[in-house]
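Peer 1: Below is one structure. I have some questions about it.
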Amino acid sequence: MVHLPESSPPLVVVVEDDAEIHRAVWGALAPAFTVKAVGPGPAAITLGASLLPDLVVVGATSALRVRMEPGLHDVPFLLVTDPAEAAIRADLLARAAQDYVVRPLSAAEIRARAANLVTTKRARDLLRQDLESDAADLEALARASSRRRQELATALGALRLAHERAARESRAKTAYLRTVGHELSAPLVSLREGLGHLPEDTPPAAARAIQAAMEWIAELGRATVEVARADDAAD
């Protein structure tokens, strides 16, 4: 489940009965983080999961049981262990936790490790939201995001080429219309001059037909030029 609060601080759930761990985590993370402590019992763990935490801090004895909670499958775990628990720590890092701190607890170390885990989780959640994916692997999500960007870049490039091609075609059409308009208008001067030199026996109806044809050609030329101007304005 994706949890992306924009205005609230990251939520850290401490699943432990150990008062020392509670105090250490609270002192290290508050007020930059919201810290909620719950017990290791089943009901308490379910309650902790329902809070949609960004991070779980848990002791070695409870880590596997807490990891089995459905609502916490994708939440990073910060493991609290003792120096002598090297083998247990390695096993839990492989099976349940993403990072650990060792007693005696250091506030600066808790803060740094918690911030790293929360940043990674939120980056993954953002990628999952962007890709509408349920994948949990950050590398796979990053690769999918990279492919998405490449696809978008390819589509944008194709759109740009189509736009440029359409612009070229529009300019060519405008130039053609302007040329045709002028070509239609130019012969009218000669025609008008010739109209005054028609033979005297030319029937009036024929003269009127010639005059009407000339006016139609002139109007067609003007309309063609106006279309060309309108295309220019649209571009």
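Peer 1: Provide a single number: the residues in region 93-119 that are part of a loop (DSSP other than H, G, I, E, B) and either charged (D, E, K, R) or more than 25 Å from A43 (Cα to Cα) (or both).
Peer 2: 4
Peer 1: Here's another thing I want to ask about it. Being of a type in the set (S, T, Y), over 20 Å from R122 (Cα atoms), touching a Gly at 6+ places or on another chain (Cβ under 8 Å) and in contact (Cβ under 8 Å) with a residue 12 or more places away in the chain, is that true of even one residue in region 47-67?
Peer 2: Looking through region 47-67, none of the residues is of a type in the set (S, T, Y), over 20 Å from R122 (Cα atoms), touching a Gly at 6+ places or on another chain (Cβ under 8 Å) and in contact (Cβ under 8 Å) with a residue 12 or more places away in the chain.
Peer 1: Restricting attention to region 34-58, which residues are crowded, with 21+ Cβ neighbours inside 10 Å and under 18 Å from V101 (Cα atoms)?
Peer 2: Result: V35, D54, L55, V56, V57, V58.
Peer 1: Would you pick out the residues in region 23-63 that are under 18 Å from E109 (Cα atoms), over 33 Å from the mean Cα position of the chain (by Cα) and part of a strand (DSSP E or B)?
Peer 2: V58, G59
Peer 1: Among A107, A136, A153, which is the only one that is modelled with pLDDT of 65 or more and surrounded by 10 or more Cβ atoms within 10 Å (Cβ to Cβ)?
Peer 2: A107
Peer 1: On to the next question. Quick check: anything in region 76-89 touching a Pro at 6+ places or on another chain (Cβ under 9 Å) and surrounded by 15 or more Cβ atoms within 10 Å (Cβ to Cβ)?
Peer 2: Within region 76-89, none of the residues are touching a Pro at 6+ places or on another chain (Cβ under 9 Å) and surrounded by 15 or more Cβ atoms within 10 Å (Cβ to Cβ).
Peer 1: Please enumerate the residues belonging to region 64-92 that are outside any loop (DSSP other than H, G, I, E, B) and within 33 Å of the chain's Cα centre (by Cα).
Peer 2: R67, P70, G71, L72, F77, L78
Peer 1: Could you check how many residues of region 10-22 are touching a residue at least 24 places away in the same chain (Cβ under 8 Å) and assigned to a loop (DSSP other than H, G, I, E, B)?
Peer 2: We begin by selecting, within region 10-22, every residue touching a residue at least 24 places away in the same chain (Cβ under 8 Å); these are 10-16, 18, 20-21.
Going one step further and asking which of them are assigned to a loop (DSSP other than H, G, I, E, B), we end up with 10, 16, 18.
So the answer is 3.
The values are calculated or read from the model by the stated rules, or taken from the named source; none is laboratory data. What you see is a predicted model; the values in this text were computed from it and never measured. FYI the Cβ positions are ideal-geometry reconstructions off the backbone, even for glycines, and counts take in every protein chain you see.
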